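The values are calculated or read from the model by the stated rules, or taken from the named source; none is laboratory data. Treat the numbers as computed from the prediction; the structure is a model and nothing was measured. Cβ atoms come from the backbone with ideal geometry, glycine included; neighbour counts cover every protein chain shown. The area values use the complete protein model at the heavy-atom level, side chains included, leaving out ligands, DNA and RNA. Shrake-Rupley method; radii C 1.70, N 1.55, O 1.52, S 1.80 Å.
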Amino acid sequence: MNELSEKSMKITSSNPRRVAGRWLKPGLSAALAALMFASGIGGAATTPSSDIRRPLLLDGKQSLYERVLSRPGAQLRVAPAGDGAGAQAIDAFSVFYVYARSVVNGETWLEVGTNSHGGVRGWVAESAVLAWNQALTVAFREPLGHDRVLLFRDESTLKSLVDIYDVGSYRQMYKAAEAGDVSAASEVVAIQPKAHVDIHDDFYLVPIKQYRDVFLQNNQALMLNVASVPLADEKPAAKRDFRSGVVFVVDSTTSMGPYIDRTREVVRGVYDSIQDAGLDEKVAFGLIAYRDNNEAAPGLEYLTRTYADLEQGRDPTRFFDAVRNVTPATVSSKGFIEDAYAGIKRAIDDIDWQEYDARYVIVVTDAGPRPGSDPLSGTGLSAQALRQLAQDRGVSIWVMHLLTPQGESDHASAAEQYRAVSTFPGIGAFYYGVGTGDVDRFGQALAQLSGDVTRQVGETAKGLPPMPVPEVAEDTSELQQLRTRVAKLGNALRLRYLARQAGETAPDLFDAWLLDHYFTEPEQQAVDVRVLLTRDQLSDLTEVLKRVLATAEEGLLAPKTFLDELKSLAASLSRDPAAVAASTRTTGSGIGNLADLGYMREYIEGLPYTGEVMNVSLEDWENWSAKRQLAFINGLEEKINYYQALHDHTDLWISLDGGPIGGDAVFPVVLNMLP
């Protein structure tokens with residue numbers, strides 16, 4: 001990261017203060033403003049000189065330049081073709097602007113540069129790069145319980161299937177692909193791996209090159225033309241046993257004494273069964289206690305406290321020595337709800353999950369959480385943002401909600417939020433409401449769930465393959481439904497572990513077509529849409545969005561300008577994240593936003609997906625109530641807090657050159673977490 005952006009992010013993420021429902025937002029420094037001015041937007045020149053060389057424009061565009069993304073193994077040369085003397089290796093997935101084309105001996109070469117202001121670097125073979133005219137990419141979702149995604153050789157084959165909804169032909173193609181009958185000559189050239197390939201553990205890109213709108217039955221869907229590019233890992237995965245880490249996040253306020261005691265009792269029994277099965281050190285437990293804002297109620301002592309991490313929890317003696325002193329608070333917090341999200345975030349942030357294939361956070365509470373918009377929130381994160389942060393780290397959140405009579409008025413609201421934060425893609429919510437808060441019922445449920453986790457580890461250790469999980473009837477008990485989800489998740493994690501041990505990766509192919517929804521489940525999306533950002537670009541996004549919100553809250557932006565600023569920022573993110581810093585009138589030192597420059601339409605045209613702000617019109621905004629407008633702004637502030645948390649998790653970022661994590665490290669951010 002450049003020094004300026006690094007400093008800026010550290011300042012804003014280290015001093016969050018919320019006053020009257022607002023985050024105090026520091027102003028941008030003159031140096032940052034100068035940096036933004038220098039970056040420029042698309043075709044907006046940063047100097048009146050006409051001598052600066054510009055990249056090639058995309059066909060039919062006035063401000064959008066051609067860009068490419070380097071494949072692993074690409075080389076930069078001083079001249080097209082040549083004998084390779086002086087060739088330089090290029091880091092995989094480096095972004096270049098295209099300045100010229102040249103055909104030598106039938107091979108096309110591109111003259112490329114690192115920016116749009118004449119920074120030409122050399123020539124690269126067109127076959128060694130991918131078109132990167134938007135920053136959108138897709139990631140395969142967990143396939144468990146669904147068909148794996150098929151990748152088709154050409155558009156016409158897929159379009160024909162979709163138009164007549166030919167399930168019979170689709171099933172024949174799927175069966176052949178499942179059996180391995182795929183090749184460059186077949187209609188289906190590849191199939192999604194059977195086990196989920198986690199983009200965080202085995203980085204790959206599936207850039208979207210073009211798209212077609214289609215209807216799948218009565219559901220709108222997209223056909224995507226993509227290329228799949230895994231980042232080759234020269235180091236094979238180390239062979240090791242499947243391991244599970246379970247961290248209890250326990251409400252330790254005044255009413256929680258019996259549940260704290262029962263949690264310790266259950267864990268002691270689980271440890272005994274682990275040792276009896278010879279699974280020592282394959283299952284580890286940790287415990288974090290949380291209360292509430294201790295500035296509002298000083299006698300609470302702490303907001304969160306880690307009593308035992310997973311390293312301590314590998315040994316039962318060390319674990320119980322550490323958690324012996326977990327006791328309920330002696331004073332009440334302010335109101336009934338507590339800051340459960342602060343406890344969950346501490347488990348995500350502070351626990352070392354790296355050596356664990358299954359990562360579980362189990363929340364035990366009798367009260368609802370403080371949402372990110374609450375002035376007393378310690379995280380500033382919504383349920384969606386916290387869930388995404390957990391998923392970024394491969395952590396599954398479970399909630400055991402004690403439905404005590406004292407909290408009856410809070411039950412519905414709390415359950416809604418806990419279901420939202422505990423939802424795992426493709427499987428469902430890992431939520432269980434313990435009727436009347438009965439201690440024995442709670443203990444039995446916790447013992448069964450912990451036993452299920454241990455059993456998964458034991459079956460993997462014995463070499464037993466994951467077995468299909470039968471569906472349960474809708475009228476089955478809530479606990480049994482949760483245990484079914486636990487079994488499905490366990491199977492998915494075991495399959496992922498086995499695939500990683502076997503060295504399986506995402507398919508490497510070009511010019512394939514896929515559907516973004518499941519063919520036989522048209523209402524379900526089959527892929528996640530992401531935007532590839534560098535750590536520097538995330539810093540710029542954070543600062544620009546904060547400045548736009550601050551300026552709007554100070555009354556210095558009219559509603560139309562405010563929405564144009566947000567849409568300009570969102571469009572720049574999807575098209576060219578390097579231009580984010582100068583994408584708004586607020587931060588562009590007078591250059592103006594895309595609407596001011598007349599470029600908004602061409603930026604948006606051709607984008608298969610857009611963020612939420614693109615769907616908000618001025619008429620919508622003016623018709624919204626003040627409460628709805630405030631909720632919209634709060635949602636953007638909660639995303640800022642997610643960006644800051646994501647930035648600080650250096651273990652999530654990918655260094656493409658294998659060096660330390662810096663400003664050019666990358667991360668594919670889920671589109672719905674962007675403006």
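A few points about this structure:
- When residues of segment 623-652 are limited to those that are aromatic (Phe, Trp, Tyr) and open to solvent by 10 Å² or more (accessible area, probe 1.4 Å), the one nearest to the chain's Cα centre (by Cα): Phe632
- Look at (1) in a loop (DSSP other than H, G, I, E, B); (2) at pLDDT below 90 and you find that Ala139 fails only one, number (1).
- Residues of segment 551-568 that are open to solvent by 50 Å² or more (accessible area, probe 1.4 Å) and within 11 Å of Ala595 (Cα to Cα): Lys560 alone.
- The condition of being polar (S, T, N, Q) and under 17 Å from Ala227 (Cβ atoms) does not hold for Asn105.
- Remark: pairs (first residue in segment 344-363, among the aromatic types (Phe, Trp, Tyr); second residue open to solvent by 10 Å² or more (accessible area, probe 1.4 Å) and outside any strand (DSSP E or B); Cβ separation under 6 Å; 6+ apart in sequence or on different chains) = Tyr356/Arg243.
- Evaluation of Glu295 against (1) open to solvent by 30 Å² or more (accessible area, probe 1.4 Å); (2) more than 30 Å from Asp272 (Cβ to Cβ); (3) under 31 Å from the mean Cα position of the chain (by Cα) (one fails), failing number: (3)
- Residue count for segment 308-337, restricted to those that are within 30 Å of Asp374 (Cα to Cα), surrounded by 14 or more Cβ atoms within 10 Å (Cβ to Cβ) and in contact with a Gly (Cβ under 8 Å, 6 or more places away or on another chain): 6
- Single match in Ala358, Ala385, Ala342 (criterion: open to solvent by less than 40 Å² (accessible area, probe 1.4 Å), hydrophobic (A, V, I, L, M, F, W, C) and out of contact with any helix residue (DSSP H, G or I) (no Cβ under 7 Å at 6 or more places or on another chain)): Ala342
- Any hit, segment 659-669, residues being open to solvent by 10 Å² or more (accessible area, probe 1.4 Å), touching a helix residue (DSSP H, G or I) at 6+ places or on another chain (Cβ under 8 Å) and in a helix (DSSP H, G or I): no
- Any hit, segment 582-601, residues being surrounded by 24 or more Cβ atoms within 10 Å (Cβ to Cβ), closer than 20 Å to Lys639 by Cα and within 20 Å of the chain's Cα centre (by Cα): no
- Condition check for Asp620: of a type in the set (D, E, K, R) and either buried (at least 23 other Cβ atoms within 10 Å of the Cβ) or within 22 Å of the chain's Cα centre (by Cα) (or both): no
- Search result, residues across segment 416-438 that are within 22 Å of Ala139 (Cβ to Cβ), open to solvent by 20 Å² or more (accessible area, probe 1.4 Å) and part of a loop (DSSP other than H, G, I, E, B): Pro425, Gly426, Ile427
- For Pro375, the test of being open to solvent by 10 Å² or more (accessible area, probe 1.4 Å), in contact with a strand residue (DSSP E or B) (Cβ under 8 Å, 6 or more places away or on another chain), assigned to a loop (DSSP other than H, G, I, E, B) and modelled with pLDDT under 95 is passed.
- Checking each residue in segment 599-631 for being at pLDDT 80 or above, over 27 Å from Asp528 (Cβ atoms) and not in a helix (DSSP H, G or I) picks out Trp624, Ser625.
- Subset tally (residues that are in a loop (DSSP other than H, G, I, E, B), over 31 Å from the mean Cα position of the chain (by Cα) and under 14 Å from Ser244 (Cα atoms)) for segment 265-292: 2
- When the criteria are applied in full, Tyr356 fails the requirement of being in contact with a Ser or Thr (Cβ under 8 Å, 6 or more places away or on another chain), among the hydroxyl-bearing types (Ser, Thr, Tyr) and part of a helix (DSSP H, G or I).
- When residues of segment 136-154 are limited to those that are of a type in the set (A, V, I, L, M, F, W, C) and out of contact with any Ser or Thr (no Cβ under 7 Å at 6 or more places or on another chain), the one surrounded by the fewest Cβ atoms within 10 Å (Cβ to Cβ): Ala139
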